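Beneath this line is the structure, given in structure tokens, with notes to follow.
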Amino acid sequence: MSMAYEEYMKQMVKPMREELTRAGFQELTASEDVEKFMENAEGTTLVVVNSVCGCAAGLARPAATQAIMQSDKRPDQIVTVFAGQDKEATAKMREYFEGYEPSSPSMALLKGKEVVHFIPRYDIEGNSMEAIMENLKAAFEANC
């Protein structure tokens with residue numbers, strides 16, 4: 001790929017990344033970042049697998065940020081990887097989602113390194129932001 005294309009893509013997805021980082025999500029952009037984070041993972045972690053698709057923009061990212069802001073119980077850590085952009089980091093994080101097919105966008109709630117709740121793309125598409133947010137809030141209530 002050309003450098004111009006790479007730069008274009010970086011600029012195009014910048015606001016998509018910032019929507020989560022502004023809400024306090026730690027962005028893991030390299031497989032080493034994921035390994036380091038997961039080596040020390042304790043408590044609960046919400047992982048958002050970000051994406052450029054419309055259901056990420058209109059549903060997944062807003063639901064994740066709103067659920068975090070509105071929940072009485074919250075995960076100890078909130079992190080994100082970006083499918084299609086940070087490919088190695090996303091692939092490494094998906095190794096921890098044992099038993100779940102790769103899906104983007106998606107969200108996983110982990111206790112330590114174990115997935116205790118997973119929301120794949122097919123549970124994001126066609127649902128309202130409020131329904132996805134309630135799904136997350138119920139998972140936080142049960143696990144955090």
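The values are calculated or read from the model by the stated rules, or taken from the named source; none is laboratory data. None of the values given here were measured: they were computed from a predicted structure. With ideal geometry, Cβ positions are generated from the backbone for all residues, glycine too; neighbour counts draw on all protein chains shown. Only protein heavy atoms, including side chains, enter the accessible area calculation; ligands, DNA and RNA are left aside. Shrake-Rupley method; radii C 1.70, N 1.55, O 1.52, S 1.80 Å.
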Boolean, residue 29 is open to solvent by less than 70 Å² (accessible area, probe 1.4 Å), outside any helix (DSSP H, G or I) and closer than 20 Å to residue 136 by Cβ:
no
Qualifying positions in region 14-26 - out of contact with any Phe, Trp or Tyr (no Cβ under 9 Å at 6 or more places or on another chain) and open to solvent by 60 Å² or more (accessible area, probe 1.4 Å)
14, 15, 18, 22
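Regarding residue 11, is this residue part of a helix (DSSP H, G or I) and surrounded by fewer than 12 Cβ atoms within 10 Å (Cβ to Cβ)? Steps first, please.
Working: part of a helix (DSSP H, G or I): yes; surrounded by fewer than 12 Cβ atoms within 10 Å (Cβ to Cβ): yes.
It is true that residue 11 is part of a helix (DSSP H, G or I) and surrounded by fewer than 12 Cβ atoms within 10 Å (Cβ to Cβ).
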Being touching a residue at least 40 places away in the same chain (Cβ under 8 Å) and open to solvent by 30 Å² or more (accessible area, probe 1.4 Å) is the filter here; which residues of region 105-115 pass it?
111, 113
Only one of (1) in contact with a strand residue (DSSP E or B) (Cβ under 8 Å, 6 or more places away or on another chain); (2) open to solvent by 30 Å² or more (accessible area, probe 1.4 Å); (3) of a type in the set (Val, Ile, Thr) is not met by residue 47, so which one is it?
(2)
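Does region 116-139 hold any residues that are assigned to a loop (DSSP other than H, G, I, E, B) and open to solvent by less than 20 Å² (accessible area, probe 1.4 Å), and which are they?
Listed by number, the residues that qualify are 120, 124.
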Which residues, taken from region 52-78, are modelled with pLDDT of 95 or more, closer than 26 Å to residue 12 by Cα and among the small types (Gly, Ala, Ser)?
60, 63, 64, 67
Of 75, 62, which residue is within 17 Å of residue 133 (Cα to Cα), touching a residue at least 40 places away in the same chain (Cβ under 8 Å) and in a loop (DSSP other than H, G, I, E, B)?
75
Kindly indicate which of 4, 41, 89, 57 is open to solvent by less than 20 Å² (accessible area, probe 1.4 Å), among the aliphatic types (A, V, I, L, M) and outside any loop (DSSP other than H, G, I, E, B).
89
So residue 81 clears everything in (1) closer than 20 Å to residue 10 by Cα; (2) hydrophobic (A, V, I, L, M, F, W, C); (3) part of a strand (DSSP E or B); (4) in contact with a Phe, Trp or Tyr (Cβ under 8 Å, 6 or more places away or on another chain) except one condition, right? Which one?
(4)
